[in-house]
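One structure is given below, encoded as structure tokens.
All of the numbers you see were taken from the coordinates with simple rules; none came from a lab. Note that this is a predicted model, so its numbers are computed, not measured. Cβ: placed from backbone, ideal geometry, glycine included. Neighbour counts: every protein chain shown.
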Amino acid sequence: MKVVAFNGSARKKGNTEILLNTVLDELGKEGLETELVHLAAGSLQGCIACYKCFENKDQRCAVDKDALNEHLQKMIAADGVLLGSPVYFSDISAGMKALIERCGMVSRANGDLLKRKAGAGVVAVRRAGANHAFSSLNYFFLIGQMIIPGSSYWNVAIGRDPGEVLNDEEGIQTMKTLGQNMAWLLKKING
Ligand SMILES: Cc1cc2nc3c(=O)[nH]c(=O)nc-3n(C[C@H](O)[C@H](O)[C@H](O)COP(=O)(O)O)c2cc1C
């Protein structure tokens, strides 16, 4: 079983990456395969509403100029999807939004490609907007018939500069518990 994680932060080695790796470490301890993908800043454009995916029904976005289809294929091949975003102006980053818009639309156009896979979101925040961003991630999973595991708190951790989330003991524990629950859920789903 495999979980693929997407880092929507504009900076590598930042707080979002630390949170994602904390979840992935727990999944690895439970024997799951994991992969972390960085959405390079500015690398993905949003959906252009061409609706070609509904005409083509080929499990691909018709705008084939960036890495979106590669990302979507990784989601389709995985058993679980983990999305991580920093809070930018009280919501998810533009890169994460672009991933959600286009993967979400192609998935819907093809009869919900991610149906009954496990999905979870994590959020790094300096001060405010974490729950709003967390909800934005969860809307993607819920409309796509995915199954969301819970944790001991909402999946947020506090930090501004890279590495500061490590000082948020409860936030880090929340990520560990999420990883354990996601592994448990995936084992149930896959018998
Ligand atoms: C463009 C931008 C907007 C931000 N907006 C918010 C915000 O609305 N609320 C907040 O608490 N932090 C905000 N922050 C701070 C980041 O959420 C915080 O530093 C986070 O830890 C960054 O994660 P990263 O290290 O993975 O990039 C913002 C940062 C940037 C660059």
Phi to ³J(HN,Hα) by Karplus 6.51 cos²θ - 1.76 cosθ + 1.60 over region 177-184, Hz, x for Gly, Pro: 5, 4, x, 5, 5, 5, 5, 4
Summing -39500 (n - 2.57) over the DSSP H runs of n ≥ 4 in the chain and dividing by its residue number, what mean residue ellipticity at 222 nm do you reach, to the nearest 500 deg cm²/dmol? -13500 deg cm²/dmol
Report the charge-dipole magnitude of the chain in Debye, nearest 20, computed about the Cα centre from +1 at each Lys and Arg Cβ and -1 at each Asp and Glu Cβ. 360
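Just subtract the alpha-carbon distance of Q45 and A128 from 0.36 nm times their residue separation and send over the number in nm, one decimal. Working shown, then result.
On the way: separation 83, 0.36 × 83 = 29.88 nm, distance 2.60 nm.
Result for the pair: 27.3 nm of gain on full extension.
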Listed residues A157, I76, A120: farthest to the positive end of the dipole of the chain (Cβ charges): I76
What number comes out for the charge environment of C50, summing +1 per Lys or Arg and -1 per Asp or Glu over other residues with Cβ under 15 Å away? +1
At what distance in angstrom do the alpha carbon centres of region 55-131 and region 1-25 lie from each other? 14
Among I172, L99, C53, flag the residue with its Cα farthest along the positive direction of the charge dipole of the chain, charges on Cβ as +1 for Lys/Arg and -1 for Asp/Glu. C53
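By the scheme Lys and Arg +1, Asp and Glu -1, what is the net charge of all other residues having a beta-carbon under 13 Å from that of P86? Display every interim value, and only then the final one.
Working: positive: R11, K12, K13, K97, R126, R127, R160; negative: E17, D91, D161, E164.
My count for the surroundings of P86 gives +3.
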With springs only between Cα atoms under 10 Å apart, run a GNM on the chain and tell me which of A41, A62, A49 wobbles the most. A49
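Taking all pairs of distinct Cα atoms, average 1/r, flip it, and tell me the Kirkwood hydrodynamic radius of the chain in Å to one decimal place.
Working: mean 1/r = 0.0612 Å⁻¹.
After inverting the mean inverse Cα-Cα distance, the result is 16.3 Å.
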Modelled FRET efficiency - R0 35 Å, D161 with A77, Cβ distances, 0.05 increments: 0.50
